[in-house]
Amino acid sequence: MSVYLIGFNAVSAIGWAVVLWLTLSVLASQSGTPIWDSATNDLSRTLLSLVAPWIPPSYSASWWVVAPVQSLAALEVFHVLFGLVRSPLLTTLLQVTSRLILVWLIVARFPSTHLNPFYTTMVLAWSLTEVLRYTYYTLSLMGARVPHALTWLRYTTFYVLYPLGAGSEALVVLSTIPEWKHGQYVKWGLEDWLKAGQVLLWIPGLWVMYTHMMQTRRKVLGRGSRQSRSKSK
């Protein structure tokens, strides 16, 4: 079973590395373009007008890799359920489910998100996080020495990447919600209300993931620091 887990994490690390490379290539090769009509409400249009000139859309470059590699992550829930890994089920389910919703129920169904610069920042945060995470797991499962720099990055970059990723996810969803000003929310359908609720749930969801990572960071880096100090005595 360790061979399977090594293969799963290695393939995932490579997939997200490709996504990262494609996204960075888009960011490096062109400037953003104002996209004034890629949202369905005034708040999102205002936010897009502030960001779009600086961040180009990257859907056409990265989607063909993002969709399958993020879908592959659904197996992580089964890894926890079958006891293959010791990750908490709640945080694993929360992260995997929220991303699959973004990929297949939002981005795949709403073409306006393809030009959204927050798609670019979302995928950038995802790929940076996952390259570090899956590479760390691959080396650990292989019994190889994990560089301290990789361990530190794995358990520290979330301070920036989690808010960037979660915030971008919420803004991508928000851009697909119909206008609500002046009582226009009375025209919303069930799906619109569900998406609005999803945006509101991002705050407590981020807090769950954030506190989990802070606790894990203290365990991993704290223990390593104590061991280093004890060896030096």
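The values are calculated or read from the model by the stated rules, or taken from the named source; none is laboratory data. Since this is a predicted model, take the numbers as computed values, not measurements. Methodologically, a virtual Cβ is constructed for each residue, glycine included, from the backbone with ideal geometry; neighbour enumeration extends over all protein chains shown. Quick note on the areas: whole protein, heavy atoms, side chains included, nothing else; ligands and nucleic acids left out. Shrake-Rupley method; radii C 1.70, N 1.55, O 1.52, S 1.80 Å.
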- Note on the structure: Of the residues in region 84-126 that are out of contact with any Gly (no Cβ under 9 Å at 6 or more places or on another chain) and among the small types (Gly, Ala, Ser), the one that is modelled with the lowest pLDDT is 87
- Task: Give the number of residues within region 51-64 that are touching a residue at least 40 places away in the same chain (Cβ under 8 Å), part of a helix (DSSP H, G or I) and open to solvent by 30 Å² or more (accessible area, probe 1.4 Å).
- Result: 4
- Message: Can you say whether residue 160 is open to solvent by 30 Å² or more (accessible area, probe 1.4 Å) and among the aliphatic types (A, V, I, L, M), as far as the supplied structure shows?
- Response: yes
- Query: What do you reckon, is residue 75 aliphatic (A, V, I, L, M), open to solvent by 20 Å² or more (accessible area, probe 1.4 Å), more than 22 Å from residue 173 (Cβ to Cβ) and modelled with pLDDT of 95 or more?
  - Reply: yes
- When residues of region 171-194 are limited to those that are assigned to a helix (DSSP H, G or I) and touching a residue at least 24 places away in the same chain (Cβ under 8 Å), the one most open to solvent (accessible area, probe 1.4 Å): 181
- Message: Quick check on region 202-233: of everything there that is charged (D, E, K, R) and modelled with pLDDT of 85 or more, which residue is farthest from residue 158 (Cα to Cα)?
- Response: 219
- Query: Taking the stated definitions as given, is residue 67 touching a residue at least 40 places away in the same chain (Cβ under 8 Å), open to solvent by less than 40 Å² (accessible area, probe 1.4 Å), within 17 Å of the chain's Cα centre (by Cα) and within 29 Å of residue 137 (Cα to Cα)?
  - Reply: yes
- Positions within region 152-165 being part of a helix (DSSP H, G or I) and under 27 Å from residue 100 (Cα atoms), in sequence order: 153, 154, 158, 159, 160, 161, 162, 163, 164, 165
- Item | Which numbered condition residue 17 fails, given (1) modelled with pLDDT under 95; (2) open to solvent by 30 Å² or more (accessible area, probe 1.4 Å); (3) in contact with a helix residue (DSSP H, G or I) (Cβ under 6 Å, 6 or more places away or on another chain) | (1)
- Residue tally, condition over 30 Å from residue 180 (Cβ atoms) and in contact (Cβ under 8 Å) with a residue 12 or more places away in the chain, over region 70-83: 9
- Task: Mind listing whichever residues of region 95-124 are open to solvent by 60 Å² or more (accessible area, probe 1.4 Å), over 21 Å from residue 52 (Cβ atoms) and hydrophobic (A, V, I, L, M, F, W, C)?
- Result: 104, 105
- Item | Criterion (free of Cβ contacts under 8 Å to residues at least 40 places away in the same chain, open to solvent by less than 60 Å² (accessible area, probe 1.4 Å), assigned to a helix (DSSP H, G or I) and small (Gly, Ala, Ser)) met by exactly one of 140, 127, 168 | 140
- Only one of these conditions is not met by residue 85: (1) among the β-branched types (Val, Ile, Thr); (2) surrounded by 19 or more Cβ atoms within 10 Å (Cβ to Cβ); (3) assigned to a loop (DSSP other than H, G, I, E, B). Which number is it? (2)
